[in-house]
């Protein structure tokens with residue numbers, strides 16, 4: 001192929017594809033959303049700074065409160081359904097329900113918070129949020145109201 005026949009691509013180099021489902025599944029498995037091999041957490045809810053296998057930087061992730069909200073929604077729906085079905089079949093004291101459902105709620109929340117946080121980190125990685133795309137979040141238009149120092153006068 002001659003030099004004059006080469007395809008011209010505008011807008012810079014094309015970024016690698018990041019499949020949504022695969023990355024979230026890897027996060028739910030507490031694995032690196034990039035390679036699927038490295039561990040995502042160094043402690044219970046503390047993500048690693050970088051993947052030990054592929055070197056993907058995870059230090060800038062910001063899952064914040066979304067995992068906790070998702071755990072409340074999931075656990076709340078499952079346990080409320082179980083409580084209501086149990087209450088329809090067995091008429092027992094409210095104290096017995098309390099003794100059953102409170103420990104189940106605590107256990108279910110503790111078992112689901114880490115995988116859900118991993119899934120949220122996988123979601124952020126796919127959409128290149130919070131530095132996962134190689135750019136800083138501080139690149140907001142100077143006049144944008146979300147800028148920390150306020151609009152430029």
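The values are calculated or read from the model by the stated rules, or taken from the named source; none is laboratory data. Just so we're clear, the structure is a prediction, and the values are computed from it rather than from any experiment. Reconstructed Cβ throughout: ideal geometry from the backbone, glycine too, with neighbour counts over all protein chains shown.
Scanning segment 1-45 for residues that are modelled with pLDDT of 90 or more and exposed (fewer than 10 other Cβ atoms within 10 Å of the Cβ) turns up 21, 43, 44.
Tell me, please, whether a residue that is assigned to a helix (DSSP H, G or I), out of contact with any helix residue (DSSP H, G or I) (no Cβ under 7 Å at 6 or more places or on another chain) and buried (at least 16 other Cβ atoms within 10 Å of the Cβ) can be found in segment 102-109. Scanning segment 102-109, I find no residue that is assigned to a helix (DSSP H, G or I), out of contact with any helix residue (DSSP H, G or I) (no Cβ under 7 Å at 6 or more places or on another chain) and buried (at least 16 other Cβ atoms within 10 Å of the Cβ), so the answer is no.
Quick check on residue 71: is it modelled with pLDDT of 95 or more, surrounded by fewer than 16 Cβ atoms within 10 Å (Cβ to Cβ) and farther than 20 Å from residue 130 by Cα? No; evaluated as a whole, the condition is false for this residue.
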